[in-house]
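What follows draws every value from the coordinates through simple rules; no lab data is involved. If you're wondering where the values come from, they're calculated on a predicted model, not measured in any experiment. Backbone-built Cβ (ideal geometry, glycine too); neighbour counts: all protein chains shown.
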Amino acid sequence: MRLGLVGAGWWAREVHAPAFQGASVRIQGVYAAGSPRARALAEAYGARVYEDYLDLLEDVDAVAIATPDAVHVPLALEAVRRGRHIFLEKPVGVSLEEALTLLRAVEERDVVAMTALTARADWAAETAVRYREALGEVLTFRGAFLADYLADPQAPVPWRARVLGVRHIVGEEGTQEGE
């Protein structure tokens with residue numbers, strides 16, 4: 001399968017590229033809307049840098065999208081319209097309506113679509129599911145995610161922090177950690 005990486009940030013470089021590169025997948029190209037990191041990522045995998053997303057879609061069977069949340073659905077919809085399979089980081093979209101639009105397009109085109117839920121095998125989540133019946137209806141919960149990788153004021157500032165002015169964010173669905 002010929003795969004296009006969409007995005008060239010840390011997640012694309014450290015998670016997507018190494019995970020997908022293998023016997024049945026060839027990283028064909030990288031598209032990252034003017035990012036200087038795209039070239040280094042493409043060179044590391046013997047891939048091509050694409051300046052135009054539509055050109056990338058012409059040369060691949062599937063795309064792995066690791067971009068800011070607001071452009072997940074527009075990029076995925078374009079890929080689906082062209083019959084490309086999609087691997088999409090969470091959250092799928094910025095609204096339920098947007099996610100449902102993508103779902104309908106995927107069903108109409110009969111392509112494979114997968115959303116990355118990196119904490120699906122989380123021990124705490126699995127335990128909660130196992131005890132769901134015994135617990136009954138959960139009305140509230142309290143949780144904590146402890147990490148210090150954004151605590152250093154000298155650390156590189158992730159895109160969310162630059163855009164939103166914060167160093168940690170939890171989305172509506174409680175699944176988004178700071179980068």
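Each peptide in 42-51, 63-72, 135-144 was scored by the mean count of other Cβ atoms within 10 Å over its residues; highest first, the order is 63-72, 42-51, 135-144. For region 12-103, relative contact order (Cα pairs under 8 Å, six or more residues apart, normalised by length) works out to 20 percent.
Please report, in whole Å³, the volume per residue of the convex hull around the C-alpha atoms of region 2-116.
Working: hull volume 9.8 nm³, N = 115.
That works out to 85 Å³ per residue.
Global dimensions of region 5-66 from alpha-carbon coordinates: Rg and Dmax equal 10.1, 30 Å.
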